[in-house]
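Nothing in this text is a laboratory measurement; each read-out follows from the coordinates by a stated rule. It should be emphasised that the depicted structure is a prediction, and the values quoted were computed from it without experimental measurement. Counting neighbours? That spans all protein chains shown, and the Cβs are built from the backbone with ideal geometry, glycine included.
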Amino acid sequence: MAGKLKQRIVRHSLSRGPGSPDVWGVYEPDSGSIQYVCADPATRQAALIDVVWNFDPKSFATHLESAGQVLDIVRENDLSVAWVLDTHPHADHLMASAHLKEETGAPTAIGAKVRKIAGIWTGIYNEPDAFDPDRDFDRLFEHGDTFRIGELDVRVMLSPGHTLGSITYIAGDAAFVHDTLMFPDAGTSRADFPGGSAAELWDSIQAILSLPAETRLFVGHDYGAQGRDEPMWEATVAEHKAGNIHVKDGTRREEWIERREKRDTTLALPDRMLAALQVNLRGGRLPKAEADGRHYLKMPVDYFGH
């Protein structure tokens, strides 16, 4: 795939009226991630969702171009940042949450089950004291929690499967559904990481598809699809139910789980995963600098593989 999948693209999904947010989607081509700005049109308050801290898996160099692009949208649209949100500890990119908190003063948040995810990865990295989500995030959301972005009501829905602690943010007629669904012509996301479950992902997707038909679903990633060379990330519940190639109406649970698990066995680990998790489980922070002033990451040898 080439074309626009190699470009940084921004699209604005307009508010549909009272209680409906303005949403900007920002495509990050290196990891195929979609970053979001969700804003209340009445108060101009906004949440930044799943923003990327750029990372080169070959050189381990980092930069803040993607986070800067998101902050440019905030400035250009006269927004104030009320929240810095993540849907889960990402395996394919470093999260920019700690940096965005420094820049905006806004609190950071993620799902409360990140504590259990941290427990899994504490063992994988053999780092018993490395991860403390209660220390590194300002808010850990439980299923059913609510909060506000200006006058906009937001509800948290636990959506496990891709990870055991993934959450969806539902803000009016917009839902940020991360690594559950892909764009309809690309299907659904993988469920084979530690703590993941295809069966739980199916149930999470069905809960998302039970939202009102006109709900705008904003997915976490796009890698293109057959015959399409530009990134896409927004479709309604109705559009997914009518045309999602994996889970449209009439799809049987057992068949989907079998298909998902078979597909996942063919997938390589994301090339940023082993670096990303030990940063993201620190809330988007590197490990403490060592005596030489540099930061170092730890890699488990022969833990993963066939």
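Key figures for this structure:
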read-out: Segment 1-100 - charge dipole about Cα centre, Lys and Arg +1 at Cβ, Asp and Glu -1, debye rounded to 20; value: 260 debye
read-out: Range of Cα positions in segment 3-278 per principal axis (Å), largest first; value: 47, 46, 40
read-out: Principal axis dimensions, largest first and in whole angstrom, of segment 187-228 by Cα; value: 30, 29, 14
read-out: Dmax and Rg, reported as Rg then Dmax, of segment 116-273 (C-alpha, Å); value: 16.5, 48
read-out: Point-to-point label distance, Thr62-His143, nm (Cα→Cβ direction, 7 Å offset); value: 3.3 nm
read-out: Normalised contact order of segment 67-145, rounded percent, pairs of Cα under 8 Å and 6 or more residues apart; value: 27 percent
read-out: Contact order relative to length of segment 3-278, as percent, for alpha carbon pairs under 8 angstrom and 6 or more apart; value: 17 percent
read-out: Within the chain, longest stretch clear of exposed GluC sites (Glu not before Pro) (DSSP loop, no more than 14 other Cβ within 10 Å); value: 1-141
read-out: Distance violations [Cα-Cα > 26 Å] among Lys116/Lys298; Lys116/Lys248; Lys58/Lys288; Lys116/Lys241; value: Lys116/Lys248; Lys116/Lys241
read-out: Exposure proxy ranking, count of Cβ atoms within 10 Å, fewest first, for Ser31, Ser13; value: Ser13, Ser31
read-out: Gyration tensor (Cα) of segment 4-49, equivalent ellipsoid semi-axes in angstrom; value: 24, 10, 6
read-out: Taking all pairs of distinct alpha-carbon atoms in segment 64-103, Kirkwood radius in angstrom; value: 11.1 Å
read-out: DSSP-defined beta bridges in the chain - what % are antiparallel, rounded to 5; value: 75 percent
read-out: Hydrodynamic radius by Kirkwood, which averages 1/r over all alpha carbon pairs of segment 127-183, in angstrom; value: 13.0 Å
read-out: Proxy reagent accessibility, fewest Cβ within 10 Å first, across His295, His63, His99; value: His63, His295, His99
